[in-house]
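Contents: one structure, followed by commentary.
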Amino acid sequence: MALRLGDTAPDFTADTTQGSVSFHDWKGDSWAILFSHPKDFTPVCTTELGTVAKLKPEWDKRNVKPIGLSVDPVDSHISWEGDIEETQGQAVNFPMIADPDRTVADLYDMIHPNASDTMTVRSVFVIDPANKVRLILTYPASTGRNFDELLRVIDSLQLTDGYKVATPANWKDGDDVIVVPALSDEEATERFPKGFKKLKPYLRITPQPNR
Ligand code: BEZ
C-alpha cells in the first residue's frame, strides 16, 4: 500500500555515491528529504541536483539531510556528478542512491507505471526526526521541483511542531500565523503574549511566536 502522512518511513540499505547507507541509521535524529529523479544524464534532473547542493546551508540550518535516488547504478551517478558540477557550478554534496533493482523505489511507490514503467517519477518525502513521513509530493518528469517551497514547508512543520499554530496560504518564515482552533481564547491569550486578532471565532491571527 502507498505511504501516507504519519506513516513510518520504510528503512532500507542501499548503495549510494557515498557508500552503503542504512537509511534510518544514516538519518539519525535529523530531518530528511528523500527525492527520486527519473534518470541520470537528463537535463531537468541536472538542474535539480545542482540546486539541492547549492541549498546546503539552508538544509543544514534546519537540520535536514537530503538524499536523492534513481534506478541507475552508482557508477553512472558518479560519472554524472562531474557534469552537474561543470554545468551547475556546484559539486553534489549529498548521497545519491543507486536503485537498479528498484527495491527502494517500490518501497516508496516511486514508479508510476502509467507514467513510465522504467523510470521513477519525481517523488519527494519529508521525514521527521522520529522517522515519520510529514510531506509527500509527486511531480511529473517534465517539471523541475521548487526546492524553496520544500524549505518553506519544512519551516512550517518545524514551527507548528513547537507551537499551537498553523501557517496560512503562501506563508513564509516571519509572517503572521494562525492560532489552532482547538485553543480557547483564554489559552491563546496565555500562549501568545503578543496577542491575536480575531477575524472569526475560527480565524485568529498572531505574530510568529518564535520571532
Ligand atoms: C529530465 O530530467 O530532464 C527528464 C527526465 C525524464 C523525462 C523528461 C525529462
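The values are calculated or read from the model by the stated rules, or taken from the named source; none is laboratory data. All values derive from a computational prediction rather than experimental measurement. Glycine gets a Cβ as well: all are built from the backbone with ideal geometry, and neighbour counts include every protein chain shown. Accessible surface is based on the protein model in full, side chains and every heavy atom, while ligands, DNA and RNA are left aside. Shrake-Rupley method; radii C 1.70, N 1.55, O 1.52, S 1.80 Å.
What about G89, is it surrounded by fewer than 15 Cβ atoms within 10 Å (Cβ to Cβ) and not aromatic (F, W, Y)? The answer is yes for G89. Selection within the range 99-114: residues that are among the hydrophobic types (A, V, I, L, M, F, W, C) and open to solvent by less than 10 Å² (accessible area, probe 1.4 Å). The member of this set that is nearest to T17 (Cα to Cα) is V104. For the criterion of being at pLDDT below 95, under 30 Å from H24 (Cα atoms) and hydrophobic (A, V, I, L, M, F, W, C), A105 fails. Name every residue in the range 93-114 that is more than 15 Å from the ligand (Cβ to nearest atom) and among the hydrophobic types (A, V, I, L, M, F, W, C), in order of residue number. Within the range 93-114, F94, I97, A98, V104, L107 qualify. Among the residues of the range 140-155, those identified as at pLDDT 95 or above, open to solvent by 20 Å² or more (accessible area, probe 1.4 Å) and either in contact with a Pro (Cβ under 7 Å, 6 or more places away or on another chain) or away from the ligand (no atom under 16 Å from the Cβ) (or both) are D148, E149, R152, V153, D155. For the range 1-85, please list each of the helices (runs of 4 or more DSSP H) lying entirely inside it that holds at least 1 residues being within 16 Å of the ligand (Cβ to nearest atom). Answer list for the range 1-85: 43-54. Can you say whether F94 is assigned to a loop (DSSP other than H, G, I, E, B), of a type in the set (A, V, I, L, M, F, W, C) and either modelled with pLDDT under 95 or open to solvent by less than 10 Å² (accessible area, probe 1.4 Å) (or both), as far as the supplied structure shows? So F94 fits the description; yes.
Residue by residue, here is whether (1) away from the ligand (no atom under 16 Å from the Cβ); (2) part of a helix (DSSP H, G or I); (3) open to solvent by 60 Å² or more (accessible area, probe 1.4 Å) holds:
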residue	(1), (2), (3)
T160	yes, yes, no
P168	yes, no, no
G195	yes, no, no
K198	yes, no, yes
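Taking the range 115-136, which residues are open to solvent by 10 Å² or more (accessible area, probe 1.4 Å), touching a strand residue (DSSP E or B) at 6+ places or on another chain (Cβ under 7 Å) and within 16 Å of the ligand (Cβ to nearest atom)? Answer for the range 115-136, where residues must be open to solvent by 10 Å² or more (accessible area, probe 1.4 Å), touching a strand residue (DSSP E or B) at 6+ places or on another chain (Cβ under 7 Å) and within 16 Å of the ligand (Cβ to nearest atom): just V121.
Residue pairs whose Cβ atoms lie under 7 Å apart, separated by 6 or more positions or on different chains, with the first residue in the range 80-105 and on the phi > 0 side of the Ramachandran plot and the second of a type in the set (A, V, I, L, M, F, W, C) and open to solvent by less than 50 Å² (accessible area, probe 1.4 Å), are R102/V71; R102/I111.
Taken residue by residue, the range 170-183 has at least one member that is surrounded by 13 or more Cβ atoms within 10 Å (Cβ to Cβ), out of contact with any helix residue (DSSP H, G or I) (no Cβ under 6 Å at 6 or more places or on another chain) and assigned to a strand (DSSP E or B).
In this structure, is P73 open to solvent by 60 Å² or more (accessible area, probe 1.4 Å) and assigned by TED's automatic domain parsing to the domain that holds P57? For P73, the condition - open to solvent by 60 Å² or more (accessible area, probe 1.4 Å) and assigned by TED's automatic domain parsing to the domain that holds P57 - is not met.
Within the range 45-62, can one find any residue that is farther than 19 Å from R145 by Cα and free of Cβ contacts under 8 Å to residues at least 40 places away in the same chain? Yes, the range 45-62 has at least one match.
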